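Each reported figure results from applying straightforward, stated rules to the coordinates on display, with no laboratory input. None of the values given here were measured: they were computed from a predicted structure. Neighbour counts run over all protein chains shown; Cβ positions are idealised from the backbone, glycine included.
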Amino acid sequence: MTGVSIGDGQVTVAATLVAKGFGLDEQRLRELMHAGVITTICETGEGSDAGRTRLNFFYGNRALRLTVDAEGELVEPAQIDFVRSVKSRDRRHGPDAATE
């Protein structure tokens with residue numbers, strides 16, 4: 001069990017997995033997600049990536065990307081630091097991001 005389940009058109013990720021990736025406790029993660037400070041984007045693979053799903057969690061200047069197969073098993077977990085400032089981010093990555 002990786003903490004990711006996929007079924008009935010829904011993807012569920014265990015809070016512990018994301019909290020650990022950002023160095024937060026679960027309660028703080030939930031608070032930040034509820035406030036819109038941590039946001040998500042889910043991408044479905046096509047072509048050679050068919051059957052894979054990439055889950056992107058954005059927090060400040062960081063992104064936690066989890067790539068899983070159709071069973072929810074992690075294929076390519078990674079945390080990537082952004083170099084762009086928060087103010088230059090796209091609006092979809094948080095309520096305080098500026099429009100460009």
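Quick one: net charge around Arg65, please, counting Lys, Arg +1 and Asp, Glu -1 for every other residue with C-beta under 11 Å from its C-beta.
Result for the local shell: 0.
Can you sort Ser48, Ser5 so the residue with the fewest Cβ neighbours within 10 Å comes first?
Lowest to highest Cβ neighbour count: Ser48, Ser5.
Would you work out the charge dipole size for the range 21-82 about its Cα centre, treating the Cβ of every Lys and Arg as +1 and the Cβ of every Asp and Glu as -1, and quote it to the nearest 20 debye?
Computed about the Cα centre, the dipole is about 280 debye.
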